[in-house]
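No lab work stands behind these numbers, since they all come straight from the coordinates. What you are looking at is a predicted structure, and each value in this text was computed from that prediction instead of being measured. In this analysis, Cβ positions are derived from the backbone assuming ideal geometry, glycine residues included, and neighbour counts consider all displayed protein chains.
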Amino acid sequence: MAYIKGSAAKRQRQSEVRRLRNRTVRSEVRTEIRKFLDAVEVKNKETAGTVYVSCQKLIDSAVRKGVYHRNTAARKKSRLSAKLNALA
């Protein structure tokens, strides 16, 4: 916590705003990944392909917003693509 009371309060407000934004972005990514995994489970390659593209876009935008580290995003996308390729 900051020594000066005012700056501590401001830092707390900023943290809360960022936490809420991060939570919504992470939730969107997880939901899209769940849709992708459901499509893979049913072995529906067309649906899985379209959902995979939207997953990639969401993950990349999360990296730009600072929600995910770029290596974490790369790992997630790699695992998703491996599942997609396994359908073939």
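Quick notes on this one:
- Positive-end residue of 50, 39, 7, charge dipole of the stretch 1-85 with Cβ unit charges: 7
- Short-range pairs are left out: with C-alpha atoms under 8 Å and at least six residues apart, the relative contact order of the stretch 29-88 is 37 percent.
- Cα-centre dipole for the stretch 29-88 with unit charges at Cβ (Lys and Arg positive, Asp and Glu negative), debye to 20: 260 debye
- Residue exposure sequence - 3, 52 - by fewest surrounding Cβ within 10 Å: 3, 52
- Put a dot 7 Å past the Cα of residue 75, heading toward its Cβ, do the same for residue 5, and the two dots end up 4.3 nm apart.
- Spacing of the modelled spin labels on residue 13 and residue 38, each 7 Å from Cα toward Cβ, amounts to 4.0 nm.
- Pairwise Cα inverse-distance average, inverted: Kirkwood Rh of the stretch 29-88 (Å): 11.4 Å
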